[in-house]
1. Taking the C-alpha atoms of the range 1-90, how large are the radius of gyration and the largest Cα-Cα span, Dmax, in Å?
2. Pairs of alpha-carbon atoms within less than 8 angstrom and 6+ residues apart define the contacts here; what relative contact order does the chain have, in percent?
3. Hey, for a label at ARG371 modelled as a point 7 Å past Cα toward Cβ, could you say which residues of the range 407-439 have their backbone N under 20 Å away?
4. Would you mind calculating the gained length between SER186 and THR309 on full extension (0.36 nm times residue separation, minus the Cα-Cα distance), in nm to one decimal?
5. Compute the distribution of all C-alpha to C-alpha distances in the range 55-147, in bins of 5 Å from 0, and list the percent of pairs in each, rounded to whole numbers.
6. Under 25 Å between alpha carbons, and skipping anything fewer than 8 positions from LYS313 in its own chain: which lysines qualify?
7. Find how much the distance from ASN357 to ASP334 grows on full extension, using 0.36 nm per residue of separation minus their present alpha carbon separation; answer in nm with one decimal.
8. In angstroms, what radius of gyration and Dmax does the range 367-435 have, counting Cα atoms only?
Amino acid sequence: MIIDYPWYMVLCCLLAGAAYAAVLYFIGHSRFSRRTQWVLAALRFLAVSAISLLLLAPMTRRTVHERQQPHVLVAVDRSLSVLQGPDSTFSADALQEALGGKLRITLRTFGDAAGTDIGSVLEEAVDDVDAVVLATDGIANRGPNPATAAEHLAVPVHTIALGDTTPRRDAALGGLRVSRVAMAGSTIPMEITVTALLLDGHTARFTVEDARGRSIMSQQVTYDDDRFAQTIQATLPAAEPGLQRFTARLSVLEGEVSVENNTLTFYVDVIDARRKVAIVADAPHPDLAALRRAIGNNPNYETELFFATDMRKIKADDYSLVVLHNLPSREHPDVAFAKDMAQLYVVGLHTDLVRFNALHTGVEITSKANRTQEVTAIAREGFTLFNLDGANAFEAFPPLSAPFGEARLAEGVQTLFGARLGSIDTRQPMVAATAQGEYRRVVIWGEGIWRWRLADFADAGSHERFDRMVQQLVAFAAMQADRQRLRVDAERTYQAGNPAVLRAQLYNEAYELTNSAEVSLDLKGDSTSGNYTFQRDGDGYSLTLPDLPEGVYRYRAATADGLTAEGSFAVEATGVELSRMVADHALLRTISHTTGGRTFAPDDLDGLRQQLAELKPTIYSHTRYSDLLGLPWVLAIIVLLLGAEWLIRKLSGEV
């Protein structure tokens, strides 16, 4: 018995029982005989002392021994190579039933049409497992190396060798390596492996077709070995934006055991991320050519030059950014067309500073005299809008010609380059940028940046630093924040046989995350379509679509109040499982030997059961604490003591 009180508290309980009995039976006149007095006093002493002790919340401590049966993890391969092999009828439930009895069995299946990951099964074996039973054909085409994963296990792995190790005449495509995203107008590099068994001396034709079935490339493949393998490299055109479907085909020869693995379909997301930049100038200037060449060297940008007399032709929706050189000017003060566009200003000698300041670009320039000043660049620390490598090199470049005056920056405007006048750091901004407001803006205070491009070539032998600086300014200004209130996140490709999970986020007018409205999804594909409803998931939404056949799908999500989001994805049928159909029992024997297990045939489950019967139960010992007040026999003893006392008093005629 354990009591969390000092020892004298126990003594007080005993004294309380003794005092209660003495007062009741020995102090004053008593009608009981001497012997009866002592018996009654003893019963009352024990009862009162026991009740007092229970008030101290005593506990009992005992050691408990628990016997636990061995725990066995049973993992069964259900990949395509097994389902299409001679052991396709091998049942995981039948295996569990055959191994049942005194074993604790955890059943797991692994592998699908997308491939087989044996290594992860071994790595994820839980700590309390006493043995692992692995039923597979040994074909591992995903995940870590199974033999390496087995080396770290401290329990035996018994393997059941499924499948057929007999080589059969077959050719297959596999090992596809291709860029899943490409720019429109570029090319898509691709590598694919052709393998062949028992086809020495035969010739096949390898082709790649587009979604319309047109042949993009074709190549003859000659099998010069019974165990042939060759990697073919090709370049595919990325002609049109969107999800583009390509099909690689290998002509089928007579006697091949499988024809499905001669075709491999894959998808590439061709995106048109090119942005159009309008360069608008008050008058011809060497800066314009320098800007066009610097921006045009990035294939993601396309430039178009306008002069102020033609700027009414510019439509804001057609361009991501407008470069305003010496605008607004006195001759051309109206640049209202640019208010709905991201802007990059080159403030020069003909810029009307009063009208420029009225545009609220974040940089306000106050002219003190009608003259110019030559200023050179000073790289500023603390510029966080983007990272410009080699910014210090611009300090050695020729000066720009800037209107004489002082500049003030609004809150949120950052300085990339400051202005140095002679040897004096004026603390004025020379190149400044801001992401505040609806559209981003960049201001270059000074004209003559064409000199920077020439100086860069003279110093480094290329225009790389200047072009990179201009491109980063343009990229920063042209990249607007996504303010779409309904968004849907979907992978560009899903594997057939695996669930396609889409997630959505909804924002209110204050651009706060909410999921108060119902979001529906209209899905249309080449062979199937349907309407679904997103389920609320945390602060957003999620939707798990049913198994979809291979193809391209377009979706449109919508809310009842008219918010929409559109997109597309592809479901890709994988042929990785069919590219290799010969079982690898040598790998299974290696795994079993490494871990101290054995390899069994599918019809030798009795031998496996006898092997597992050698596992010993685990006995766990632990200390258990119990509250004495909660034990029923304690209450029974107290009731018996008080009942015996009452019965004796009754028989003695006192009650």
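The values are calculated or read from the model by the stated rules, or taken from the named source; none is laboratory data. Since this is a predicted model, take the numbers as computed values, not measurements. Reconstructed Cβ throughout: ideal geometry from the backbone, glycine too, with neighbour counts over all protein chains shown. Ligands, DNA and RNA are excluded from the accessible area calculation, which covers all protein heavy atoms including side chains. Shrake-Rupley method; radii C 1.70, N 1.55, O 1.52, S 1.80 Å.
1. 32.7, 101
2. Values: 1380 pairs, mean separation 105.6, N = 655.
Once normalised by length, the contact order is 16 percent.
3. Output list for this probe position: 407, 419-428.
4. Extra length from SER186 to THR309 when fully extended: 40.7 nm.
5. Spelled out bin by bin, the range 55-147 gives 3, 12, 20, 18, 15, 9, 5, 3, 4, 3, 3, 3, 2, 1, 0 percent.
6. Filter leaves LYS276, LYS339.
7. Details: separation 23, 0.36 × 23 = 8.28 nm, distance 1.31 nm.
Taking 0.36 nm per residue and subtracting the Cα distance, the gain is 7.0 nm.
8. Gyration radius and largest Cα-Cα distance of the range 367-435: 12.2, 36 Å.
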